[in-house]
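Here is the structure we will look at, set down as structure tokens.
The values are calculated or read from the model by the stated rules, or taken from the named source; none is laboratory data. For clarity, every value in this text was computed on a predicted model and none was experimentally measured. Here the Cβ positions follow ideal geometry from the backbone for every residue, glycine too, while neighbour counts run over all protein chains shown. Side chains are part of the model used for accessible areas, which takes the heavy atoms of the whole protein and leaves out ligands, DNA and RNA. Shrake-Rupley method; radii C 1.70, N 1.55, O 1.52, S 1.80 Å.
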Amino acid sequence: MKIQHAFRTALVATLGVGVGILILTGVQTLSTVLLYIGTALFLALGLDPIVSFFERRGLPRWGALLATFAGLVAIATALVLIVVPVLVDQIAKLVQQIQRLVDSAIDGQWNPIAVVSTWLSDTFPLLQVDMVLKYVNDWWSGLDFADIGTSLGSGLLSFGAGIVAVATGTIIVLILTIYFTASMRSLKRSVYQLAPASKRERFVDLSEQITASVGYYVMGQVVLGAINGILSAIFLTIIKAPFPAVLAVIAFFFSLIPLVGTLTGSAIIVIACLGLASPLTALVALIWYLVYMQVEAYFLSPRIMSRAVSVPGAVVVIAALAGGSLLGLLGALIAIPVAASALIIYRQVLIPRQNEL
């Protein structure tokens, strides 16, 4: 009997491990599909406050959905008609400019380190920049730009294939977002039915707080990105930076990434100004974005995000790092609202329960 019992236990344990491995393998295989679903659900929660806003103004549910989607289509159409032609033209010019710079670097006619060194020496004659930049200049001169050009060509082909994949994924996410937004109430009701009847009211209240917080967070992040993109387009045009429309789009999309998005996008823009314009333009852009990041952190973000749950700075850093490590860009995007949801549960469920003991 003992042998049979041990065999039965080992068999059950082996089957359990096998089922666990099968589930993990399935999740890994369906990771792209799950990524699409998660992104669409995240965006749908961001659109839900807009739909609720129209409903509070007296529109029926179908009218609120129609008004929301019509507004999004109008905004997207306006961007396509106004921004895309300029963007395509400037991207084409940017590619030509990069090609000329690569050719000049291969011929030894263009050396950005020497340009920066000359500008610093002329502008700040008291600084001893020659010795500092000599080592960097030697490194630059030792680069094999022919191999870099070949690698760049291969990279562009991969980049083109990636654009096709991103476009396909975007269409799928948009379709799922429309479906999730239209059926948000029924989806919520289905989830609420999983809770016991005695605790369902409390569960519904917490769920509504969490979904509202996520929705306001998504809307706030998009507004911050739009502000950065519009101001960048105006400012970069004023200082005659190269390809301001392209750089403004970069500023917008990177601002959607919490914690490090604005910093990363600003660094890319400053480097582009340094390589494609002049050190003075890059310096002016650097000063602008340093000032803007302070304004965004201490003035814009607290006011725009006031209706979302406030998350302590240390939790923001930990959540963004953990989310980025687990799910990449999507993980970094949803990490903060997930952390905010956990804080709601912590403050309204765990702490009161501990106080009752």
Using r as the Cβ-Cβ distance of Leu81 and Ile268, and R0 as 41 Å, what FRET efficiency do you calculate, to the nearest 0.05? 0.95
Which peptide among 342-351, 48-57, 288-297, 261-270 comes first, and what is the full order, when sorted by highest mean count of other Cβ atoms within 10 Å? 261-270, 48-57, 288-297, 342-351
With a 1.4 Å probe and all protein chains kept in place, how do Val214, Val191 rank by accessible area, largest first? Val191, Val214
If you wrap a convex hull around the alpha carbons of the range 45-86, what volume per residue comes out, as a whole number of Å³? 64 Å³
Plugging the Cβ-Cβ distance of Ala165 and Val260 into 1/(1 + (r/R0)^6) at R0 = 25 Å yields, to the nearest 0.05, a FRET efficiency of 0.55
Mind giving me the nanometre distance, one decimal, between the label points for Leu22 and Leu59, set 7 Å out from Cα along Cα→Cβ? 4.7 nm
One checks the Cα atoms of the range 170-316 and finds Rg and Dmax, in Å, of 20.0, 68
